[in-house]
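Right, one structure below, let's go through it.
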Amino acid sequence: MLETIKKLVQEGKYRFTFKAELEMARDWIESEEILEAILDAEDIDKVLHSYNPYTNKSEKLYVIKNYGFYIKGKVVKNFVIISAKLDTSSN
């Protein structure tokens, strides 16, 4: 799945969530930094199984931790929705 996410990012088929844009602005993070962290990632750290109340469906969120960022990606058809913030975990 990481290769699919990278390919979509390279093709410009991505969007940041509104919340991610707010958190990135608050922390002075440029979108290019997040995209670079995705493209340079070596693996997916974990897969979260989530429930979307808007679609009433379960979904998979792919977590990437790289360059000090905590990034979640959700693949929807031929698109990736990106949520990102500073990684504040102790790992």
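The values are calculated or read from the model by the stated rules, or taken from the named source; none is laboratory data. Being a predicted model, the structure only gives us computed values, none of them experimental. Every residue, glycine among them, receives a Cβ derived from its backbone with ideal geometry; neighbour counts consider all protein chains shown.
Results, tabulated for the structure shown:
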{"item": "Inter-residue pairs, beta-carbon under 9 Å, first free of Cβ contacts under 8 Å to residues at least 40 places away in the same chain and surrounded by fewer than 18 Cβ atoms within 10 Å (Cβ to Cβ) and in region 68-86, second of a type in the set (D, E) and part of a strand (DSSP E or B), 6+ apart", "result": "V76/E59"}
{"item": "Residues (acidic (D, E) and either over 10 Å from S83 (Cβ atoms) or touching a Cys at 6+ places or on another chain (Cβ under 8 Å) (or both)) located in region 22-37", "result": "D27, E30, E32, E33, E36"}
{"item": "Meets criteria (among the small types (G, A, S) and either surrounded by fewer than 10 Cβ atoms within 10 Å (Cβ to Cβ) or more than 14 Å from K72 (Cα to Cα) (or both)) for A41", "result": "no"}
{"item": "Flag if V9 is modelled with pLDDT of 95 or more and on the phi < 0 side of the Ramachandran plot", "result": "yes"}
{"item": "Complete set of residues in region 66-84 that are over 16 Å from T17 (Cα atoms) and either modelled with pLDDT of 95 or more or in a strand (DSSP E or B) (or both)", "result": "N66"}
